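Below: one structure, written as structure tokens.
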Amino acid sequence: MLGAIAGDIIGSAYEWNRTKRTDFELYTDRSRFTDDSVLTIAIADAILKKMNYSVAVKGYGLTYPRAGYGCMFAEWLFSEDMEPAYNSYGNGSAMRVSAVGFAFESVEDVLSEAKKTAEITHNHPEGIKGAQATAAAIFLAHKGEDKKAIASFTEQAFSYNLHRTLEEIRPTYKFEESCQKTVPEAIIAFLESSDYESAVRNAVSLGGDSDTLACITGGIAQAFYKKIPNSIISETRKRLPNDILLVIDKFNERYKIELAN
């Protein structure tokens, strides 16, 4: 889960200052956690405490009301309604789901739980599919499957085209908020990586919704490579408040996740 949050923070500096390069500065004075991290933590805490996902997401969203939520999500967040109201297929369902891939023990449970996390707001079939694809990729990576197996499962289960390359995608890719135009690209960024850092750099270099792309890619990369560089862990943790750090540490302890090299 920290891999997703680190990706969010690294990508945040380039969301509105996009780059098509991979040799960008990892952390700048604009690097901060966004709604991607807040809602990732909400899902993780809900799993730890066996809470209702809607309650957890609203609770954390209202605790951090200026984290950068989309307009429709914000309308739901600040309303009294707990039911989904806007049939979204946005990439918000995929950005917050990483904890599911680490916490459950079968792909069937992962797919079922990812659906539950998505449909509290993103109840369009593509919104649910994006969360499921992300969580499944993390689960398979965490369980030791190789990249070929991860790609094959994702293509067969979700009909995503993962046969494109970053070089093919990058020139015309732009800011996209839909799952169907974010999740496949984030997975490809992981597939072309050699370690955690290169995966996040690949995602940001697409020049799109960089914090969300890097959040999704970062979660998969953490699960696959098992380790995150100490420098990235340190820079990420110093940008997070204590309540979020506490959830990260409890989650890692509960699910026996080690990160440092």
Some residue of region 141-153 being of a type outside the set (Gly, Ala, Ser), surrounded by 15 or more Cβ atoms within 10 Å (Cβ to Cβ) and in contact with a Ser or Thr (Cβ under 8 Å, 6 or more places away or on another chain): no
All helices (runs of 4 or more DSSP H) inside region 163-245 with 2 or more residues being farther than 26 Å from Met72 by Cα, at pLDDT 95 or above and of a type in the set (Ser, Thr, Tyr): 196-204, 230-237
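Which one is surrounded by the fewest Cβ atoms within 10 Å (Cβ to Cβ) among residues in region 18-72 that are part of a helix (DSSP H, G or I) and among the basic types (Lys, Arg)?
Checked region 18-72; the qualifying residue surrounded by the fewest Cβ atoms within 10 Å (Cβ to Cβ) is Lys49.
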Tally, over region 123-132, of residues that are in contact with a strand residue (DSSP E or B) (Cβ under 9 Å, 6 or more places away or on another chain) and within 20 Å of Ile187 (Cα to Cα): 3
Flag if Thr117 is among the β-branched types (Val, Ile, Thr) and part of a loop (DSSP other than H, G, I, E, B): no
Filtered residues of region 195-222 (kept if in contact with a helix residue (DSSP H, G or I) (Cβ under 9 Å, 6 or more places away or on another chain) and either surrounded by fewer than 19 Cβ atoms within 10 Å (Cβ to Cβ) or small (Gly, Ala, Ser) (or both)): Asp195, Ser198, Ala199, Ala203, Ser205, Gly208, Ser210, Ala214, Gly218, Gly219, Ala221
Residue identified as hydrophobic (A, V, I, L, M, F, W, C), free of Cβ contacts under 8 Å to residues at least 24 places away in the same chain and under 23 Å from Gln222 (Cβ atoms) among Ala74, Ala67, Ala56, Ala133: Ala56
Residue within region 153-171 that is out of contact with any Cys (no Cβ under 8 Å at 6 or more places or on another chain), closer than 16 Å to Met1 by Cα and of a type outside the set (Phe, Trp, Tyr) present: no
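The values are calculated or read from the model by the stated rules, or taken from the named source; none is laboratory data. These numbers come from a predicted model, not from an experiment. Positions of Cβ are generated from backbone atoms using ideal geometry, with glycine treated the same way; all protein chains shown enter the neighbour counts.
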